[in-house]
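Everything on this sheet refers to the single structure shown next.
The values are calculated or read from the model by the stated rules, or taken from the named source; none is laboratory data. The model shown is predicted, which means the values in this text are computed figures rather than measured ones. Counting neighbours? That spans all protein chains shown, and the Cβs are built from the backbone with ideal geometry, glycine included.
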Amino acid sequence: MQFFFEVLIGGLLSGVMYSLVALGFVLIYKASGVFNFAQGAMVFFAALTFVGITELGVPFGFALILAFGAMILLAIATERVVLRPLVNQPQITLFMATIGLTFLVEGLAQGMWGASVRGLEIPGIQDEPLEWMMENTGIGVSKFDLFAAGVSAVLVVVLALFFNKTRVGRALRAVADDHQAALAIGIPLQDIWRIVWAVAGLVALVAGVMWGARNGVQFALTFVALKALPVLIIGGFTSIPGAIVGGLIIGASEKLGEIYIPPFVQSTFGLETNLGGIEGWFPYVMALLFLLVRPEGLFGEKHIDRV
Amino acid sequence: MNERTIAERITFHDAIETMEVDFSHLTMADTVQVDAFYDEVENRLADTGRRWYFLVVYTDCVIQAQAWERFAERGKGANVAHGLGTVRVGATSQTRDAIREHAGRASFRANIYDTREQAIVALGEMRKRRRDAQTAAEETFLRVENVSLRFGGVKAITEISFEIKRGEISAIIGPNGAGKSSMLNVINGVYRPQEGTVTYLGHPRHQMETHEAAAQGIARTFQNIALFKGMSVLDNLMTGRNLKMKCNFLQQALYWGSAQREELAHRKKVEEIIDFLEIEHIRKTPVGRLPYGLQKRVELGRALAAEPILLLLDEPMAGMNVEEKQDMCRFILDVNDQFGTTILLIEHDMGVVMDISDFVVVLDHGQKIAEGTPNEVRTDPVVIRAYLGTTH
Amino acid sequence: MLYREAGQFKASYKEDQQIFPIRQDRIAIALILAFFYLVVPYFASQYWLQGIMIPVLIFSLAAIGLNILTGYAGQLSLGSAAFMAVGAFAAYNFVLRIPGMPILVAFILAGLCAAAVGMVFGLPSLRIKGFYLAVATLAAQFFIVWALTKFPWFSNNSSSGVITAQKVEILGYAFETPEAKYLLTLAVVTVLALLAKNMVRSSIGRSWMAIRDMDVAAEVIGIRPMHTKLMAFAVSSFYCGVAGALYAYTYLGTVEPEGFNLDLSFKILFMVIIGGVGSIMGSFLGAAFIVLLPIFLNVAMHALGGWVPQGISSNLELIVFGGLIIFFLIVEPHGLARLWQIGKEKLRLWPFPH
Ligand SMILES: Nc1ncnc2c1ncn2[C@@H]1O[C@H](COP(=O)(O)OP(=O)(O)OP(=O)(O)O)[C@@H](O)[C@H]1O
Ligand SMILES: [Mg+2]
């Protein structure tokens, strides 16, 4: 049982990471209706840029700011080069364009900073079990994971405040509902897109730094980021709470699944082979099954096409 | 056999569509008599070309087993046995049993009455019930009953009932957001109403799949043009005929023999529609490149390609200039005239509605506020108020 | 005035419904076929045949498969490579386990296996659209590769799922030289391309496009979405499956599940986008383009000499691919196929551009 909880908590905490990536998707999808496949590449780009800058001897905090600056530039360039020429195109075209963007951004990131795996240290936070928790319950919970969860929580609160309390934030929400209404607020659509992509860039940066600190900054990050897709399906494409809850569900179930399902299948069918490594597809298949039951996601609204 | 010939024993009652055979005081002992009788009956029936009830009077009649056998044999393939019901009168209880058995073997329904008069009354009633059922089926070409439709909290339609007749042009009018499009969408299964039934061609239904409506002969155009933008005019119309194409995909992949013949046959049909709508010059053009008015026309063509029984048109003339509107009016009237298609349309242009429709339903805020002929509706104060209330 | 439609009046609908209604097109196609069947095998080097022509043909077939699904039926898929893997492994097992199995039959059966698997993963398309579906196909991508790696039965107990294709023999003739393999591949691809072209110009193709362009309207005219979409998944996966079998048997000889990864799926998607969404011809152009581009980049880099830093070339490839995708989507959404057509139209007017 102790082991079960350890796996569960570990899974939930790594799910926080998925949530962070999914959050970036949701922000962009809500404001521009674009399904940004490149969010994972942006995470990679942000992490690599950040590491690259720190390697030049820039202190941690300042490097963060510079990396955020790079994400803002990326947002502006994306709006200008990809989104503006494709405005009013079918969603699927924009989606494919973001696949192109994925390759472009990955190529750029590695071209600028090299393709080797880098370590990333967050000062003062180690990936070791929390002592009192270990002593009292025997369950090992990584300090680092807790820290990551805390940062994510803060990020979500900040975003919520931004969307609900600031003028720009409200405009962003209006855009999500109705482009015409947003124009009436007096903020050009292009600015809104830039801002939203920049915010998504910030989220990508936070996610990238967290992931990087945990597993090293490497190309595999982009695959991990793909897992945000099943998260979105479970949570619904337009819901921030959905992204969070979906991330936790995926994180927990994939870790529990990995531990319990392969041995179970092996013993039931008397197989000798090791069936491990189901993490690679388990979230996607779960999302599929989920789709069959509730296509609009946990928090999404049911929608009937208007004709 | 006694003095009357068989021909003399047969009388037709046109009013109740019944053929009366009088077997009174007759003894039937052999098959020859039965054959003679059946030959005569078949002769007489062949001339009429209709189906008749069959009334047989058995007063003091004796039919022997051998004759019954023959009756059963002849009765099987004969017109008579396919009749709508057989009534026999004045038989002894022995005869009744024989009749029942015989009816069973020749598989038709036998009702037995005590007197000839009773039988005629009963037949009259049966006849009337049948006719009523028939006319009912015809009259409820399309009946909408207590239909309600909600989207989340929005009530698009509230308890609407109306009926339209076969062969007519009916119109739904009402201010913006009144629920007109939603009504059409309910009729052809695009939206599923929470409550109510739609009876089409005598079949009531609550909810249905959209493609089922198409299979039942309902075609449709949309308020916002819903053509297949990536395809040419010709392909759009050909797609309209998809339900009529029977070749499977393997035959299509080979494009040989039957698949090719089928394609050509449908191409011909589609060309007729192209001629009818006067769009020959654009048949190969991708529809996305056509001006709005022509797109509307192509959309009508796609619906017509399915050879529908009921055609639903959602604002077919919206956004057109006067000339285009006139063309479209002409097409709609022609479709109704030439193909006998029943049409239900939504239109904002009152002039057009009054000109071409036989019957008008007025909706406002999801409710029916009036219905009737164009003239009745035009002068209805409730309608006038609804229109003034929203357009100003 | 080489290429003129004028004067060619169609006397019947039958003539108008031909696969290539314009006479010059028919001549051109005949010339192209003659070139690839007769000229290429004699004059192309071994490297060209084995390293370029065969993969281009195989990828063309896969691209046709994806084009049927994405270009014609509008259902996005990121799992084409996985369906190729199903085809490759199925063909291997049919030949391995059924003695005397003719290779062409094994290819067809392999395609059918892929079709069945494709339909299973296509089921969610009934309830979801667009990028939701992308996720479903990602599930196929990851699951299939995993399963082929993890269950040794599929690869006859070889380590990490590597299989080596058996000899290709038809009626006693062994296809061993690059020329023979090339011709076999070419024959399979020509036939399947022709069938695909026929399908997309018939009722089934129109149903696919109708679902793609406006699904509600399609349903309203009686097209059953479930049937139509599953059909697209099946046919598309069949094509990918056969392509996968060819990939193992006439191209690489030895393949492993990991070779059919997400990257390959993306490559096939790029072939479709760049070649032309919704065009059989475009699938060929796109495949050729994507196969040749890295080779061209490499050559260009070498021409530039040592000036280009190491490691840049693979990144350059990423950047160029990504950039081209965006470029094509913006500037020419119908891809190379459209350019081809514009070229023809120019030719049609030449030398009098009015
Ligand atoms: N698919 C849908 N989802 C949510 N609400 C809908 C949908 N379709 C219609 N509605 C709502 O139902 C109500 C009736 O809409 P409907 O389109 O039927 O009106 P209409 O009479 O056709 O108006 P118009 O003249 O503008 O076409 C409106 O309030 C509309 O917003
Ligand atoms: Mg409407």
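Assorted remarks:
- Sole residue being away from chain C (no Cβ under 12 Å) and either over 22 Å from C:Arg212 (Cβ atoms) or modelled with pLDDT under 95 (or both), chosen from B:Gly196, B:Gly189: B:Gly196
- Any hit, region B:222-232, residues being on the phi > 0 side of the Ramachandran plot, within 11 Å of chain C (Cβ to nearest Cβ), surrounded by fewer than 24 Cβ atoms within 10 Å (Cβ to Cβ) and more than 21 Å from the chain's Cα centre (by Cα): no
- Total residues in region A:260-274 satisfying the condition of being surrounded by fewer than 18 Cβ atoms within 10 Å (Cβ to Cβ) and either within 16 Å of ligand 1 (Cβ to nearest atom) or not hydroxyl-bearing (Ser, Thr, Tyr) (or both): the figure is 10.
- For region B:213-256, the tally of residues that are under 29 Å from A:Arg306 (Cα atoms) and either within 16 Å of ligand 2 (Cβ to nearest atom) or not aliphatic (A, V, I, L, M) (or both) stands at 20.
- Verdict on B:Leu142 being modelled with pLDDT under 90, away from ligand 1 (no atom under 13 Å from the Cβ) and buried (at least 16 other Cβ atoms within 10 Å of the Cβ): no
- Test: A:Gly257 is in contact with a helix residue (DSSP H, G or I) (Cβ under 6 Å, 6 or more places away or on another chain) and farther than 25 Å from C:Leu148 by Cβ: no
- Residue match in region B:279-301 (condition: acidic (Asp, Glu) and buried (at least 23 other Cβ atoms within 10 Å of the Cβ)): yes
To keep it simple, each residue is scored yes or no on (1) free of Cβ contacts under 8 Å to residues at least 12 places away in the same chain; (2) over 21 Å from A:Leu189 (Cβ atoms).
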{"site": "A:Ser14", "(1), (2)": "no, yes"}
{"site": "A:Tyr29", "(1), (2)": "no, no"}
{"site": "A:Phe35", "(1), (2)": "no, no"}
{"site": "A:Leu56", "(1), (2)": "yes, yes"}
{"site": "A:Leu66", "(1), (2)": "no, yes"}
{"site": "A:Leu74", "(1), (2)": "no, no"}
{"site": "A:Ala77", "(1), (2)": "yes, no"}
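- Candidates A:Gly297, A:Gly247, A:Gly242, filtered to the one that is out of contact with any Lys or Arg (no Cβ under 7 Å at 6 or more places or on another chain) and within 13 Å of chain C (Cβ to nearest Cβ): A:Gly297
- When region A:29-63 is filtered for residues that are in contact with a helix residue (DSSP H, G or I) (Cβ under 7 Å, 6 or more places away or on another chain), among the aliphatic types (A, V, I, L, M) and more than 30 Å from A:Gly236 (Cα to Cα), the ones remaining, listed by number, are A:Val51, A:Ile53, A:Val58, A:Ala63.
- Helices (runs of 4 or more DSSP H) wholly inside region C:100-219 that include at least 3 residues being closer than 30 Å to A:Leu232 by Cβ: C:103-122, C:130-150, C:203-213
- Of all residues in region B:291-304, those that are over 16 Å from B:His281 (Cα atoms) have Cβ atoms under 8 Å from Cβ atoms of residues that are in a helix (DSSP H, G or I) and of a type in the set (Gly, Ala, Ser), 6 or more apart or on another chain, in B:Arg302/B:Gly240; B:Ala303/B:Gly240; B:Leu304/B:Gly240.
- All of (1) free of Cβ contacts under 8 Å to residues at least 24 places away in the same chain; (2) touching a Leu at 6+ places or on another chain (Cβ under 6 Å); (3) aromatic (Phe, Trp, Tyr) hold for B:Phe151 with one exception: (2).
- Going through (1) more than 17 Å from A:Ala47 (Cα to Cα); (2) out of contact with any Ser or Thr (no Cβ under 9 Å at 6 or more places or on another chain) one by one, A:Leu108 falls short only on (1).
- B:Ser181 meets each of the listed conditions (1) more than 10 Å from ligand 1 (Cβ to nearest atom); (2) surrounded by 21 or more Cβ atoms within 10 Å (Cβ to Cβ); (3) within 30 Å of B:Arg289 (Cα to Cα) apart from (1).
- For beta carbons closer than 9 Å, sequence separation of 6+ or different chains, a first residue in region A:258-276 that is within 10 Å of chain C (Cβ to nearest Cβ) and a second that is acidic (Asp, Glu) and outside any loop (DSSP other than H, G, I, E, B), the qualifying pairs are A:Gly276/A:Glu258.
- Put simply, of B:Val186, B:Val144 the only residue that is touching a strand residue (DSSP E or B) at 6+ places or on another chain (Cβ under 9 Å), in the same structural domain as B:Arg302 (by TED's automatic domain parsing) and away from ligand 2 (no atom under 16 Å from the Cβ) is B:Val144.
- Within region B:154-170, the presence of a residue that is in the same structural domain as B:Gln338 (by TED's automatic domain parsing), within 8 Å of ligand 1 (Cβ to nearest atom), within 22 Å of A:Glu301 (Cα to Cα) and not in a strand (DSSP E or B) is excluded.
- Options C:Ala217, C:Ala193, C:Ala234, C:Ala248: the member that is buried (at least 24 other Cβ atoms within 10 Å of the Cβ), within 14 Å of chain B (Cβ to nearest Cβ) and aliphatic (A, V, I, L, M): C:Ala217
- Listed here are the helices (runs of 4 or more DSSP H) enclosed by region B:287-378 that have at least 3 residues being more than 18 Å from B:Asn236 (Cβ to Cβ) and either modelled with pLDDT of 95 or more or within 16 Å of ligand 1 (Cβ to nearest atom) (or both): B:350-356.
- B:Met208 falls short on exactly one of the conditions (1) within 15 Å of ligand 1 (Cβ to nearest atom); (2) more than 26 Å from B:Ala386 (Cβ to Cβ), and that condition is (1).
So that you can scan it fast, the table gives a plain yes or no per residue for (1) acidic (Asp, Glu); (2) in contact with a Gly (Cβ under 6 Å, 6 or more places away or on another chain):
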{"position": "C:Val168", "(1), (2)": "no, no"}
{"position": "C:Val188", "(1), (2)": "no, no"}
{"position": "C:Ala193", "(1), (2)": "no, no"}
{"position": "C:Met199", "(1), (2)": "no, yes"}
{"position": "C:Ser203", "(1), (2)": "no, no"}
{"position": "C:Ser207", "(1), (2)": "no, no"}
{"position": "C:Asp213", "(1), (2)": "yes, yes"}
{"position": "C:Ala218", "(1), (2)": "no, no"}
{"position": "C:Ile223", "(1), (2)": "no, no"}
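- Residue match in region C:111-121 (condition: facing chain A (nearest Cβ under 9 Å) and either modelled with pLDDT of 90 or more or crowded, with 17+ Cβ neighbours inside 10 Å (or both)): yes
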